[in-house]
Every structure is written in C-alpha cells, then in structure tokens.
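Structure first, commentary second.
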Amino acid sequence: MTLDPKGRTSPGFERHAFICGHTRAEGAARPSCEPKGSIDLMRALKMNIREAGIKNVRVQKSGCLDHCEYGPTCVVYPEGTWYGLTDDGTIQALLHHLKTGEVDDSMTLKMDE
Ligand code: FES
C-alpha cells in the first residue's frame, strides 16, 4: 500500500486553480498570458495561499485555456469559475474564492467585456 506523504486518504483538492502560463510568439494571431505576467502572478497567489495556511487548495500553471484575449486567465474547479486576472480586484476575488469558496459573480470573466 502506498502512503501519501501528506496524509491524504483520497485524491483531489477542495479547490483547484489553473492559471494559463502559455506564451505565443510576438505577432501571433492571438495574445498569450505569460507575457502579461501570469507566472509571476501564479507564484504570488501560491505564496499567499501558503502563508494563509490554506490546505487542500492547489494553484498551478496550465497550458492555453483558450480564452486568451481575457488573460491572464484562470479557472477554478470544482465550480468551473473563470477569471480574467487583469486588475487587483479580480485577483483579490480569486484569492477570496480560493480561501473561502465564495464566488463574487461580479468579478468573474465576462466574455462580452
Ligand atoms: S494563452 Fe492564456 S488562455 Fe490562451
């Protein structure tokens, strides 16, 4: 029997956030998230979650999430909530979501904006 080093008895996370870390070449037909600072943002979010002592929440880099024009983009499961992390308000809303599970719908990604 394999023992989990973190003491977990079942797989998965309470909340799981994917932040796009994709890079496209300059002049590409679509923008990409890494040149907009998504990796630095992801590192800051991970540190914030760790320092807050939040357990069973995972923040990690993903490939392109195909909502490139709204990036840096993030999706949180199990809710399937999307964020365009373009200002401090959306970043704070994501952090609040990850820490509490509460979603502020006014701060989630709207594709018509
Ligand atoms: S490059 Fe980030 S969503 Fe496509």
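Quick look at the values:
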quantity	calculated
Residue (of H16, T2, H97) at the positive-pole extreme of the chain, dipole from beta-carbon charges	T2
With Cα atoms, 0 to 90° folded angle of helix 38-51 axis to the chain main axis	30
Angle in degrees between helix 88-100 and the longest Cα principal axis of the chain, rounded to the nearest 10	20
Rounded, prolate or oblate (a/c below 1.5 giving rounded, otherwise prolate when a/b exceeds b/c) for the chain by Cα gyration tensor	prolate
Most to least packed among 32-39, 3-10 [average Cβ atoms within 10 Å]	32-39, 3-10
3J(HN,Hα) from dihedral phi, the range 71-77, Karplus parametrisation 6.51/-1.76/1.60, rounded to Hz, x for glycine, proline	x, x, 9, 8, 10, 10, 10
Accessible area (Å², per residue) of the chain, counting only protein heavy atoms and a probe of 1.4 Å	62
Electrostatic dipole magnitude of the chain [Cβ: Lys, Arg +1; Asp, Glu -1; Cα centre; debye, to 20]	640
Mean Cβ count within 10 Å, highest first, over the residues of peptides 100-111, 56-67	56-67, 100-111
Length-normalised contact order for the chain - Cα pairs under 8 Å, 6+ apart - percent	27
Assigned charges on the beta-carbon of Lys, Arg, Asp, Glu; the range 54-113 dipole about Cα centre (debye)	480
Rg/Rh for the range 56-101, where both radii come from Cα atoms and Rh is the Kirkwood radius	0.94
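The values are calculated or read from the model by the stated rules, or taken from the named source; none is laboratory data. Computed from a predicted structure; not experimentally measured. We place every Cβ from the backbone using ideal geometry, glycine too, and count neighbours over all the protein chains shown. Areas reflect the complete protein model, heavy atoms only, side chains present, ligands, DNA and RNA absent. Shrake-Rupley method; radii C 1.70, N 1.55, O 1.52, S 1.80 Å.
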